[in-house]
Amino acid sequence: MGLTPRNLRARITLLATGLAAGVSLVLLWLAWTLVGSAVDAVPALPAGTRVQVDGVEVDASALAAHLREHARDKVLLAGSIAFCCVVVATAILAWTFTSRVLRPLREITGTAQRLSIESLGERIGDVNARGELDELAQTFDAMLDRLQDAFEAQRHFVANASHELRTPLSVIRTELDVTLADPAADVAELRRMAAVVRDATERAGQLVGSLLLLARTDGAGLVTNEPVELSAVVGSAWRAVRGEADQRGIRAEFHCSPALVRGDPALLERIAGNLLENAVRHNVERGWIDVRTQPGADWSTLRVRASGALVDPATVGELFEPFRRAGVARTARSGAGLGLSIVRAAVEAHGGIVTAEPVVGGGLSVTVLIPAAH
């Protein structure tokens, strides 16, 4: 059984009552001992001396022993009554006051028991307590804020991912249904349908791969941490997209100075690759791309500037959110809208910083700072 506020209240009451009982027993024993010692300290009469008490002669030593026992019995009786009163009063007071002291803890427990994914907006708020319990309530509310943000981000991400995956699946189903419903479909029609289905499956595969990469990268540490030449990474990433850039007549200029960083070579190449892919795919026909790498004492810089559509400065921050493209959600004709999300996750995994700003006349400039290798 867990330690609930009621169990804690009972334990504190029992502990306080036990301590009070123990202290009372010690005091009672001390009083009983001191009374006996005080009576023994009274000067004794000579042996054989007889004294008269209420008209009856008794031996002085017997009278002294009787008085000592009588005094001890009185102390024991009075002490027992006081002991019982103290124990009962302690139990009542401990039970009453712990109820008030633990009330904030009951509120915290009640809130935690009522929580679910649908009621994460509930908070404890201000509690009538100071110190540790008030700090606990504030910490609990702060944790709920983070959990709610995480659940909302996850719900938004899953909804967007489902939307993105539904598009290629719908294309595949439509093409299959239309072609199978046509009894006169020839080989050329079947080939056309197969090409459309292949393109749709490739898009779905790319999206799934991007989702997996983002899930592995976001919030994860580096598997490999070694010196990497940033300019070499840029050259490798450019070779993968150069053909597409040439087909669209995009002019690229590189000003890449040697810049050594520490990190995962695969993730660093993915950073450069995603930036260059975005620069090509979201560019205009016969546009331009400018790529620069620069070393620094603490940070090495990778900057990719490219022409393109006009970007609202107010929406630049949204470009790093999943499924955002040029500030508009899920409207681009190519890509999954995860490129800059993966860039941000990979850069943060390296302890770096990524920023973006619009280019005057249209386009986007993305700057990545990675800790330099020393």
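The values are calculated or read from the model by the stated rules, or taken from the named source; none is laboratory data. Source: prediction; values computed, not measured. For neighbour counting, all protein chains shown are included, and Cβ atoms are generated from backbone atoms with ideal geometry for every residue, glycine included. Areas reflect the complete protein model, heavy atoms only, side chains present, ligands, DNA and RNA absent. Shrake-Rupley method; radii C 1.70, N 1.55, O 1.52, S 1.80 Å.
Some values worked out for this structure:
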item	result
Candidates E244, E277 - the one that is over 24 Å from A345 (Cα atoms) and in contact with a helix residue (DSSP H, G or I) (Cβ under 8 Å, 6 or more places away or on another chain)	E244
Candidate set: segment 1-30, residues that are open to solvent by 40 Å² or more (accessible area, probe 1.4 Å) and among the small types (G, A, S); chosen: the one modelled with the highest pLDDT	G18
Filter result for S300 (modelled with pLDDT of 90 or more, surrounded by 17 or more Cβ atoms within 10 Å (Cβ to Cβ) and not β-branched (V, I, T))	yes
Number of positions in segment 246-260 that are over 20 Å from S231 (Cβ atoms) and either among the charged types (D, E, K, R) or in contact with a Ser or Thr (Cβ under 7 Å, 6 or more places away or on another chain) (or both)	2
Criterion (modelled with pLDDT under 85 and open to solvent by less than 50 Å² (accessible area, probe 1.4 Å)) met by exactly one of L212, L268, L207, L276	L207
Pairs with Cβ under 7 Å, 6+ apart, first in segment 141-153 and closer than 19 Å to T109 by Cβ and free of Cβ contacts under 8 Å to residues at least 40 places away in the same chain, second of a type outside the set (A, V, I, L, M, F, W, C) and surrounded by 12 or more Cβ atoms within 10 Å (Cβ to Cβ)	D141/R123; L144/R123
Any pair with Cβ under 7 angstrom, 6 or more apart, that starts in segment 227-247 at a residue that is part of a helix (DSSP H, G or I) and ends at one that is among the polar types (S, T, N, Q)	L230/T293; L230/S300; S231/S257; S231/T293; V234/T293
Residues of segment 250-259 that turn out to be touching a Leu at 6+ places or on another chain (Cβ under 9 Å) and open to solvent by 80 Å² or more (accessible area, probe 1.4 Å), as a count	1
Residues (charged (D, E, K, R) and part of a helix (DSSP H, G or I)) located in segment 172-182	R173, E175, D177
Output for segment 79-107, where each listed residue is within 11 Å of T13 (Cβ to Cβ) and open to solvent by 40 Å² or more (accessible area, probe 1.4 Å)	I92, L93, W95, T96, F97
Among (1) out of contact with any Leu (no Cβ under 9 Å at 6 or more places or on another chain); (2) open to solvent by less than 60 Å² (accessible area, probe 1.4 Å); (3) modelled with pLDDT of 90 or more - the single one W288 does not satisfy	(2)
Wholly enclosed strands (runs of 3 or more DSSP E) of segment 255-310 bearing at least 1 residues more than 18 Å from A232 (Cβ to Cβ)	288-294, 299-306
Pairs, first in a loop (DSSP other than H, G, I, E, B) in segment 183-205, second of a type in the set (S, T, Y) and open to solvent by 50 Å² or more (accessible area, probe 1.4 Å), C-beta under 8 Å, six or more apart	none
Residues (at pLDDT 80 or above and within 30 Å of T111 (Cα to Cα)) located in segment 154-201	none
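Let's see how each residue does on (1) among the aromatic types (F, W, Y); (2) closer than 16 Å to L276 by Cβ; (3) at pLDDT 90 or above; (4) open to solvent by less than 20 Å² (accessible area, probe 1.4 Å):
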position	(1), (2), (3), (4)
L340	no, yes, no, yes
A345	no, no, no, yes
H350	no, no, no, yes
A356	no, yes, yes, no
V368	no, yes, yes, yes
P371	no, no, yes, no
H374	no, no, no, no
